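What follows is a set of notes on a single structure, which appears directly below.
The values are calculated or read from the model by the stated rules, or taken from the named source; none is laboratory data. Predicted model only: the values in this text are computed from it and were never measured. Here the Cβ positions follow ideal geometry from the backbone for every residue, glycine too, while neighbour counts run over all protein chains shown. For accessibility, only protein heavy atoms count, side chains too; no ligands or nucleic acids. Shrake-Rupley method; radii C 1.70, N 1.55, O 1.52, S 1.80 Å.
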Amino acid sequence: FQPRQSYEVSASIPRSYFLGHHHAALSRMRQGIANIGLIIECRDFRVPLTSWNPLLEQSLASSPAERARIIVYTKRDLGPDPAAAHGRTQQAVRHLRDFHLAPGNPNRAADVLFLGTGPDHSRALQPLLQAIKAVARQRDSLTGMRALVVGMPNAGKSTLLNRLRGRGMGLPKAARTGSEPGVTRRLGTPVRIVLGEGHADGEPGMGEGVFVVDTPGVFMPYVSDPEAMMKLALVGSVRDGLVSRVAMADYLLYHLNRAGLAPEYMARFNMGRPTNDVHEFLWAVGKRTGKLAKGGEPSLEAAADWAVQQWRKGELGRLLMDEVTPERLARAMEAVRDGNETLSMNQAVKKEKVARKARRAAKRLGLGAPE
């Protein structure tokens, strides 16, 4: 069996999910940024490069002396088990840390952390709380410190805020959460996660304490790479239904096969052999799970939806879908500098038309495609 080595994404896939409340939230963040001492950015560990939103980074940019940044890669436990990933996962973690903490990085982070989703990972919150307190002590403000938690839709921002509140204050959650993007649609009120100096259990250097503001997930105006849009749809950063469920299941199957996880789905769905055919895969899923249409035939749509939801819970193979290398990280940074990832939809479409015309002209002249 030879798994597919590349994936051809349909040209008709949507290339944006930049909604009205994303624009409004970004405007409000810009207006209130002067009062913010720390930005906590959440990114999905399964797609660590693809879930990086350069629009947020550019809109809220400042020097580290003005405003610190902490990068939190969420859903770490939904990525591959380090013991079973032949060192690739550990390498990705090391490359990400080295990149964000490099002295020459103009957007150098104060810290980089990797957090899981379940209660078993609550102990990992302590390093994050310590990093937040370190930033607050450095600022040493009498009024305490305000922090924004930002990121792409469904990156785990509200969940993180609730866990910080529970760990730091022993209080119940303060932000609504859900499995679909868009649960948070406006900036929240500041939520205290660390007590101030005036409290009996407060710590010195905290002023009135540390307060975190939850924000809506903000998508990019335009996704230049159609495969990146497929990744974001698969991890739930866009509303389900925007991208075909069968296409999402096909893309999932492509990654499962490339990661060597075919034996797992073969055993689960009573398949005698691995497959690159999504219809064969979904037929087996539908039969095994009872996702049937009229006449008892498997429903491909229902089976595809079930498979995607199971994978999002970590029950159908755990994947790292981005290749994380120093070269890829440098390329992503270069794309940000060029402004390719922060164009509006109209600007991006115009740029693509110009590029297509240049390629056609070069082909007619026998020069090949321009670099």
Report the FRET efficiency, 1/(1 + (r/R0)^6), for Phe1 and Gln91, where r is their Cβ-Cβ distance and R0 is 22 Å, rounded to 0.05.
0.25
Pairs over 20 Å Cα to Cα, from Lys231/Lys294; Lys75/Lys157; Lys75/Lys133; Lys231/Lys313, come to Lys231/Lys294; Lys75/Lys133
Report the gain in length on full extension from Ala102 to His199: 0.36 nm times residue separation, minus Cα-Cα distance, nm rounded to one decimal.
31.2 nm
Rolling a 1.4 Å sphere over the protein heavy atoms, what is the accessible area per residue of segment 1-150, to the nearest Å²?
46 Å²
Give me the distance in nm between label points sitting 7 Å out from Cα along the Cα-to-Cβ direction at Leu142 and Ala124, one decimal.
4.0 nm
Tell me the net charge near Arg268. Cut-off is 13 Å between Cβ atoms, Arg268 excluded, with +1 for each Lys or Arg and -1 for each Asp or Glu.
0
Ranked highest first by average number of other Cβ atoms within 10 Å, how do 194-200, 243-249 line up?
243-249, 194-200
Here the net charge surrounding Tyr73, from other residues whose Cβ is less than 12 Å away from its Cβ (Lys, Arg +1; Asp, Glu -1), is 0
Can you sort Arg67, Arg268, Arg46 by 1.4 Å-probe accessible area, starting with the largest?
Arg268, Arg67, Arg46
